[in-house]
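The values are calculated or read from the model by the stated rules, or taken from the named source; none is laboratory data. Every value quoted in this text rests on a predicted model; they were computed, and no experiment measured them. Every residue, glycine as well, gets a Cβ built from its backbone with ideal geometry; the counts of neighbours run over all protein chains shown.
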Amino acid sequence: MEAEVVYITLAVVFGIFMAWGIGANDVANAMATSVGSKALTIKQAIIVAAIFEFLGAVLAGGEVTSTIRKGIVDAELLEGTPELLVFGMLAALLAAGTWLLIASRNGWPVSTTHSIVGATVGFAAVGIGFDAVHWNTVGNIVMSWVASPLTAGFIAYLLYLSVQRLILHHDDPVARARRYVPVYMFLAAFTVTLVTILKGLKHVGLHTSVRDSYLIAFGFAVVIALVGSVFIQRIKADPKAEKKEHFYTVERIFGVLMIITACAMAFAHGSNDVANAIGPLAAVISTAKTGLVTANSSVPIWVLVLGGAGIVVGLATYGRHVIATVGSKITQLTPSRGFAAGVAAATTIVIASGTGMPISTTHTLVGAVLGVGLARGIEAIDLRVVGRIFVSWVVTIPAGALLAIVFFFIFRTVLPPY
Amino acid sequence: MANMLANIFGTSPVFPLEKHIGIAFSCAKQLRGFFAAAVEGDWDKAAICRAEIERYEHEADDLKKEIRLNLPKSLFMPVPREDLLELLLVQDKIANRTKDVSGIVMGRKMQIPSQIAEQFLEFVDRNVDAAKQARKSVRELDELFTAGFRGAEVALVEGLIEELDKIETETDDMQAALRGAVFEIESSLNPVDAVFLYKVIELTGEIADMAERVGRRLELLLSH
């Protein structure tokens with residue numbers, strides 16, 4: 001009994017620490033596009049992020065949590081020694097947290113997702129045995145890391161191209177924006193809602209038929225588009241500002257869309273990244289409580305809630321500064337461009353969350369930004385930095401793995417056996 | 001944590017380029033006051049204008065260097081980096097020519113002969129107009145980038161450049177007429193003064209030439 005309490009306490013502490021870190025740092029990427037394009041103030045961005053990160057984590061985060069919890073490590077090998085899984089998952093959490101801390105100190109761009117996956121694979125392969133890793137799942141995860149930025153980039157490219165063709169290339173872009181922006185709102189709301197209902201809601205005990213799911217998503221998206229249209233109609237053209245900047249009013253119309261994009265991004269981020277952080281926590285809790293490694297119970301809701309709450313605290317304490325800094329640096333992402341990148345990334349992430357793939361929000365967003373760039377939509381992208389990101393992305397995996405292995409052996413010696 | 005998202009954006013050259021042409025125009029605009037004072041022989045006032053010209057020219061130079069430093073080869077942009085650098089270079093030449101021509105006039109305290117004074121001032125005015133039209137055209141850069149260099153915005157910029165060409169042709173005609181007028185009174189002038197007067201007319205005319213080249217450079221961007 002005593003050991004169980006120790007395990008869970010440690011896991012909760014590490015898990016909250018991770019969630020806090022995500023809220024403090026990672027969320028900025030999801031929200032900065034709307035702050036940078038001045039569609040939201042920082043205060044509004046924090047409120048949107050708090051609500052939708054939380055909803056995303058609770059409503060759509062379950063699959064990813066499950067993949068981290070039991071998809072990577074072959075639980076059957078551990079049936080007689082459940083404490084090994086507990087030590088390993090604790091080590092993974094601590095390793096990922098430590099690596100993120102080291103990286104932040106040194107200014108390296110790293111990914112929470114990659115740290116967690118690297119750490120989990122590391123402790124399992126070395127601490128338990130090479131065969132303890134479901135290499136198939138790991139292969140799929142790594143594939144999704146390649147596929148997610150590509151997918152997001154492709155969607156963003158098409159979206160921005162359509163914005164140019166449908167709105168920007170015409171003589172009356174304001175009138176055309178009023179007509180087409182609600183369509184984009186519908187598309188964004190429909191996709192995110194549909195994937196969430198189809199893939200996520202069973203974790204909160206809601207079961208709907210496929211047909212109903214489509215109907216609900218459709219109805220919800222129509223409502224969003226209608227509400228959005230009302231706001232769009234209320235935006236008055238400003239001929240004086242337009243004389244200086246032709247797309248002034250158009251961008252303001254896209255600003256309304258940007259708010260919906262921000263909600264979708266926060267939701268998507270919550271659904272994937274929060275789940276990454278609390279996957280190991282969930283594993284520790286279910287194993288410690290039942291003593292069984294293969295416990296098939298679903299992830300307890302309170303664990304998802306805890307992760308969501310950690311993110312919100314991180315946002316409130318530290319995240320606002322990061323959002324402000326990032327927002328001021330990405331002024332090239334005007335609402336029309338930021339929406340294309342944001343919706344593309346959010347869609348990709350929510351789909352990945354639905355299939356349980358732990359992917360990196362930031363990398364997906366970077367892919368989406370490159371997609372807008374390919375549509376000749378961004379003035380200047382520094383390819384050197386893009387290259388550095390890819391390198392740090394690869395380095396993070398062995399680094400997380402190495403730290404996890406060290407922590408695993410320490411825990412195995414120090415912590416009480418089950 | 002180093003923020004990946006913020007760092008993948010290079011410094012956009014668009015706003016700085018628009019700012020640069022603004023400075024170059026402000027520089028050229030001083031020529032109106034400068035020559036008006038010179039014609040009246042008010043060298044104190046001319047000196048004030050000349051100081052302004054030098055200040056703007058320096059400012060343009062500094063900004064030019066800064067833009068170049070922020071355009072590394074690793075940037076991924078919708079238009080070739082070389083074309084933007086060329087555009088910057090001709091923009092800068094508007095300020096350079098302004099400084100050159102005002103330098104000669106100031107240094108020699110050159111008297112513009114009263115017979116051609118009015119015609120000369122009109123010629124200066126039109127050259128400054130050309131620089132202004134160049135500024136108007138370059139200020140469309142951000143819209144061009146947003147629209148991906150296609151569509152209605154391109155037609156708009158092409159119209160602006162057409163207007164710029166028209167102004168430049170006018171300055172050419174005025175320049176020819178002005179040279180003719182100087183030739184008429186040449187014999188009454190000190191030979192060295194006459195030589196420099198031709199030189200000043202030529203350099204002033206180059207302001208419109210450079211403005212026109214700004215238009216050509218913009219056109220090159222449009223054709224990508």
Conditions first: (1) part of a helix (DSSP H, G or I); (2) crowded, with 24+ Cβ neighbours inside 10 Å; (3) away from chain B (no Cβ under 12 Å). A:Thr33 passes all but one, so which condition is the exception? (3)
B:Ser12 vs. criteria out of contact with any Gly (no Cβ under 8 Å at 6 or more places or on another chain), at pLDDT below 90 and under 22 Å from B:Glu86 (Cα atoms): yes
Restricting attention to segment B:57-80, report how many residues are more than 23 Å from A:Val386 (Cβ to Cβ) and in contact (Cβ under 8 Å) with a residue 24 or more places away in the chain. 7
If you take just the helices (runs of 4 or more DSSP H) that sit entirely in segment A:316-409, which of them hold at least 1 residues that are without any contact (Cβ under 8 Å) to a residue 24 or more places away in the chain, surrounded by 24 or more Cβ atoms within 10 Å (Cβ to Cβ) and within 11 Å of chain B (Cβ to nearest Cβ)? A:361-374
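To keep it simple, each residue is scored yes or no on (1) touching a residue at least 24 places away in the same chain (Cβ under 8 Å); (2) touching a strand residue (DSSP E or B) at 6+ places or on another chain (Cβ under 8 Å); (3) crowded, with 23+ Cβ neighbours inside 10 Å.
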site	(1), (2), (3)
A:Val146	no, no, no
A:Ala152	yes, no, yes
A:Leu161	yes, no, no
A:Pro173	yes, no, yes
Quick one: how many residues across segment B:126-154 are at the interface with another protein chain (Cβ under 7 Å from one of its Cβ atoms), closer than 12 Å to B:Leu221 by Cα and surrounded by 24 or more Cβ atoms within 10 Å (Cβ to Cβ)? 1
Within segment B:50-61, identify whether any single residue is within 20 Å of the chain's Cα centre (by Cα), modelled with pLDDT of 95 or more, within 14 Å of another protein chain (Cβ to nearest Cβ) and in a helix (DSSP H, G or I), and answer yes or no. no
Name the single residue, out of those in segment A:146-201 being over 27 Å from A:Phe54 (Cα atoms) and of a type in the set (S, T, N, Q), that is nearest to the chain's Cα centre (by Cα). A:Ser162
Just to check your reading of the model, which residue among B:Ala28, B:Ala6, B:Ala36 is in a helix (DSSP H, G or I) and within 14 Å of chain A (Cβ to nearest Cβ)? B:Ala6
Could you go through segment A:157-174 and let me know if any residue there is aromatic (Phe, Trp, Tyr), out of contact with any Leu (no Cβ under 8 Å at 6 or more places or on another chain) and within 30 Å of A:Gly88 (Cβ to Cβ). no
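For (1) at pLDDT below 95; (2) over 30 Å from A:Glu379 (Cα atoms), each residue gets a yes or a no:
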site: B:Val79; (1), (2): yes, no
site: B:Asp83; (1), (2): yes, no
site: B:Lys93; (1), (2): no, no
site: B:Lys99; (1), (2): no, yes
Cβ pairs under 8 Å, 6+ apart, first in segment A:223-252 and more than 29 Å from B:Val138 (Cβ to Cβ), second aromatic (Phe, Trp, Tyr) and surrounded by 15 or more Cβ atoms within 10 Å (Cβ to Cβ): A:Ile224/A:Phe186; A:Ala225/A:Phe186
So A:Ser111 fits all but one of (1) modelled with pLDDT under 90; (2) more than 14 Å from chain B (Cβ to nearest Cβ); what number is the exception? (2)
Looking at segment A:371-386, is at least one residue in contact with a Pro (Cβ under 9 Å, 6 or more places away or on another chain) and within 15 Å of A:Leu100 (Cα to Cα)? no
Give segment B:98-141 a look and list any residue that's touching a residue at least 40 places away in the same chain (Cβ under 8 Å), part of a helix (DSSP H, G or I) and among the basic types (Lys, Arg), or say none. B:Lys99, B:Arg108, B:Arg126, B:Lys132, B:Arg135
Which of the residues belonging to segment A:146-174 are of a type in the set (A, V, I, L, M, F, W, C) and within 14 Å of chain B (Cβ to nearest Cβ)? A:Ala152, A:Ala156, A:Leu158, A:Leu159, A:Leu161, A:Val163, A:Leu166, A:Ile167, A:Leu168, A:Val174
Could you list, ordered by first residue, the pairs with Cβ atoms under 7 Å in which the first is in segment A:48-75 and more than 26 Å from A:Ala28 (Cα to Cα) and the second is modelled with pLDDT of 80 or more and polar (S, T, N, Q), at least 6 apart or interchain? A:Gly71/A:Thr137; A:Ile72/A:Thr120; A:Ile72/A:Thr137; A:Val73/A:Thr120
So which of B:Arg179, B:Arg217, B:Arg213, B:Arg135 ends up being basic (Lys, Arg) and over 26 Å from B:Glu82 (Cα atoms)? B:Arg179
In segment A:64-117, anything assigned to a helix (DSSP H, G or I), over 20 Å from A:Trp135 (Cβ atoms) and among the hydroxyl-bearing types (Ser, Thr, Tyr) is listed as A:Thr65, A:Thr98, A:Ser104, A:Thr112
